[in-house]
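To keep things clear, I will list the structure first and then write my remarks on it.
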Amino acid sequence: MTQGVVILGATGSIGASTLDVIERHPQRYHVEAVTAQTSVDALLDVCVRHRPKLAVIGDEAREAALRDGLRARGLATEAAAGAAALEHAATLDGAPIVVAAIVGAAGLVPALAAARAGKRLLLANKEAVVCAGALLTDAVRASGATLLPVDSEHNAIHQCLAGAREPLRDVRRLILTASGGPFRRQHDLSAVTPEQACAHPNWVMGRKISVDSATLMNKGLEVIEASRLFGFEPSRIDVVVHPQSVIHSMVEFGDGSVVAQLGTPDMRTPIAYALGWPERIESGSATLDFARLGALSFEPPDLTRFPCLALAYRALRAGPAACIVLNAANEIAVEAFLQRRLPFVAIAAVIEEALGRLAPAAPMSVDEVLAIDDEARRMAAQAVTDWGIR
């Protein structure tokens, strides 16, 4: 009997990689439900190939198009739309596995719903941890859910810690690796275009996360996520630039030993690890050829050219509310950059302004998380507008 899998965000890069891994193991898994925010045609293509019981489109205005498309293709897949339908998909009885791959804060509520329902939650949405880490981990503990990180860095740390009896005592520090993005050697960033920022040298990713990689905000969010997931304070989490993207993260133990997880830069590897855990299953990723690889190099991150990483550490030290503000302001700033309304070098400035002007109390509920998120987005949007009229 196969296990049902729900993929929240099935039309993105993580969703596509997950579907590829599932196709390699038809005797183990089947797709129970899939979701997308606006991409009806892409969601229909997934439904044709995998025949899920449920397909959800986040944009309620597109529900009719989804339903008509399913009918035209002769599919029995049920169509639904909106936030409530996303939560329903995350808690389906016939699917013990939920892949949370919705980009941004929009993925928070369905990820929490899956955790509360006791699912095996494969978390690719780092914003859910950044914005509501305590709420998410509390829900996992209360329901008996299993939380497995899909981000390659946190997945690597999970693998490296597998033999640690008491990580908080045994481990000296966590070391997250960063590729450095497309501008690692570029000093003048004033004229950077969205196309250049999205041209990652190693990874194939969506546009938002590609920009985050280019600013090093992606690594900053991962520092926050690592702190929340593994219980380490900021002083015990380091970042090192590793351009080859072969070592995905490392753990230094108290005796001085450093354990690293290596592999080709292919998201199917951490997805397969999380799907099969505690077993290992075929991912489809290429074998790492050390003879051809040659040298591995490392360097410290440049916080002067890439201040977003320093802003993330600042937010983590300030507390949960500051992390919500950081994430929300970053999403607004990145969207404005992709729309050519904000220069690349101003992304950090917008985030810093929001962090400096908002100091809300730590949230105690999802509603409070969303309220802080909403206020931060308004503040950041105004900062973007102000920047445009300078």
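The values are calculated or read from the model by the stated rules, or taken from the named source; none is laboratory data. Because the structure is a prediction, the values reported are computed rather than measured. A quick note on method: Cβ atoms are made from the backbone with ideal geometry, for glycine too, and the neighbour counts reach across all protein chains shown.
Going through V350, V345, V369 one at a time, which residue ends up being among the β-branched types (V, I, T) and within 19 Å of the chain's Cα centre (by Cα)?
Just one listed residue meets the conditions, V369.
Output the qualifying pairs, or none if there are none: Cβ atoms under 6 angstrom, residues six or more apart or on different chains, first residue in the stretch 62-74 and modelled with pLDDT of 95 or more, second residue hydroxyl-bearing (S, T, Y).
L70/T77
For S190, are the conditions met, namely being farther than 18 Å from H242 by Cβ and modelled with pLDDT of 95 or more?
So S190 fails the test.
Which of the numbered conditions does M379 fail, given that it passes all the others? Conditions: (1) without any contact (Cβ under 8 Å) to a residue 40 or more places away in the chain; (2) in contact with a helix residue (DSSP H, G or I) (Cβ under 6 Å, 6 or more places away or on another chain).
The single condition M379 does not satisfy is (1).
Would you tally the residues in the stretch 154-208 being in contact with a Pro (Cβ under 9 Å, 6 or more places away or on another chain) and either under 19 Å from N330 (Cβ atoms) or of a type in the set (G, A, S) (or both)?
Of the residues in the stretch 154-208, 19 are in contact with a Pro (Cβ under 9 Å, 6 or more places away or on another chain) and either under 19 Å from N330 (Cβ atoms) or of a type in the set (G, A, S) (or both).
Which residue, of S245, S257, S235, S285, is touching a residue at least 40 places away in the same chain (Cβ under 8 Å) and either surrounded by 15 or more Cβ atoms within 10 Å (Cβ to Cβ) or not hydrophobic (A, V, I, L, M, F, W, C) (or both)?
The match here is S245.
Does the stretch 214-230 include one or more residues that are outside the structural domain of A128 (by TED's automatic domain parsing), out of contact with any Phe, Trp or Tyr (no Cβ under 7 Å at 6 or more places or on another chain) and part of a loop (DSSP other than H, G, I, E, B)?
no
Just to be sure before I move on: is L311 more than 30 Å from K119 (Cα to Cα), touching a helix residue (DSSP H, G or I) at 6+ places or on another chain (Cβ under 9 Å) and at pLDDT 95 or above in the structure I sent?
Here the answer is yes, as L311 does meet what is asked.
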